[in-house]
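Laboratory data are not the source of any read-out in this text; all were calculated from the coordinates shown. For clarity, every value in this text was computed on a predicted model and none was experimentally measured. Virtual Cβ from ideal backbone geometry, glycine too; neighbours counted across all protein chains shown.
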Amino acid sequence: MNLIILFLSTFGLVFALNFQTLNVSRGQYVAAFLTSILLGVANLVILRAIPHGNGWEIVAYLSGGPFGVIASMWVHARYFNNEKPKGGEAMAHRCNANDCLARIDGRHLMCTKHWRMVPLELQRKVWETYRSRGTPAGNPAGWASYYEACADAIERVAGQEGKSPRNSFRNLAPKFRTMAEDRVRDPAGLSTLR
């Protein structure tokens with residue numbers, strides 16, 4: 001019986017520790033609060049169950065951890081914000097909605113929660129400018145349009161949440177617009193050689 005208790009308490013402890021890391025990194029306050037209680041309970045059970053552990057009790061204690069961490073990752077991905085990069089995809093970054101801590105795939109502008117707040121027409125504009133932007137040097141006007149669409153989406157969400165509309169996309173758009181105008185005035189880029 002002690003072996004099962006040790007296995008389950010270590011499973012619960014490691015599960016809760018990993019779950020807590022995911023909660024904190026994604027700004028999930030209620031889940032973090034509740035997980036702290038589970039951490040305390042699991043620690044108390046372990047401290048009471050293994051004061052003089054024998055070989056099998058140590059094996060039970062050590063084997064609970066690997067199963068706990070995998071289970072925690074699976075549960076968090078299934079029931080909480082699970083946007084993450086998969087193999088070969090762009091590097092993850094933070095959601096661009098103001099003050100959101102959710103980690104998302106590098107190809108996305110916002111987490112699912114905030115993206116759903118963006119009107120469909122504006123979502124299409126972001127997506128179309130994203131697909132047609134090309135390289136920054138080859139198509140600065142395309143990048144300016146993309147940054148403007150992103151800024152509009154971020155500002156729309158900020159307005160709905162009562163937050164400041166500040167965002168770096170709004171600052172980048174004019175720089176790329178200027179690059180595009182310079183390209184029209186000097187298509188060969190000869191003015192930079194003088």
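What value, in deg cm²/dmol to 500, does the helix sum -39500 (n - 2.57) over DSSP H runs of n ≥ 4 give at 222 nm once divided by the residues of the chain?
-22000 deg cm²/dmol
What translational D, rounded to a whole number of µm²/s, comes out for the chain from Stokes-Einstein when the hydrodynamic radius is the Kirkwood one over Cα pairs, at 20 °C and 1.002 mPa s?
106 µm²/s
Among Ile104, Ile58, rank each residue by its count of other Cβ atoms within 10 Å, from fewest to most, as a rough exposure measure.
Lowest count first: Ile58, Ile104.
How big is D for the stretch 2-79, in µm² s⁻¹ as a whole number, if Stokes-Einstein is applied with the Kirkwood radius of its Cα pairs at 10 °C and 1.306 mPa s?
Answer, rounded: 126 µm²/s.
Quick one: what Rg and Dmax do you get for the stretch 93-193 from the alpha carbons, in Å?
According to the Cα coordinates of the stretch 93-193, Rg and Dmax are 15.1, 48 Å.
Rounded to the nearest 0.05, what FRET efficiency do Arg185 and Gln123 have when you use their Cβ-Cβ distance and R0 = 35 Å?
Result of the calculation: an efficiency of 0.55.
Mind checking which helices in the chain clear 24 Å along their axis (Cα) and have mean Kyte-Doolittle hydropathy of -0.5 or more, DSSP H runs only? Walk me through the numbers on the way to the answer.
Details: long enough: 2-25 (34 Å, 1.49); 29-49 (30 Å, 1.88); 55-79 (36 Å, 0.60); 140-161 (31 Å, -0.30); 168-185 (27 Å, -0.91).
Helices meeting the criterion: 2-25, 29-49, 55-79, 140-161.
Can you tell me the dipole magnitude for the chain around its Cα centre, using point charges on the Cβ only (Lys, Arg +1; Asp, Glu -1), in Debye to the nearest 20?
Charge dipole of the chain: 360 debye, to the nearest 20.
Order of Thr21, Thr35, Thr135 from fewest to most other C-beta atoms within 10 Å?
With the fewest neighbours first, Thr21, Thr35, Thr135 line up as Thr135, Thr21, Thr35.
Which order results if Met179, Met110 are arranged by neighbouring Cβ count within 10 Å, fewest first?
Arranged by neighbour count, lowest to highest, Met179, Met110 become Met179, Met110.
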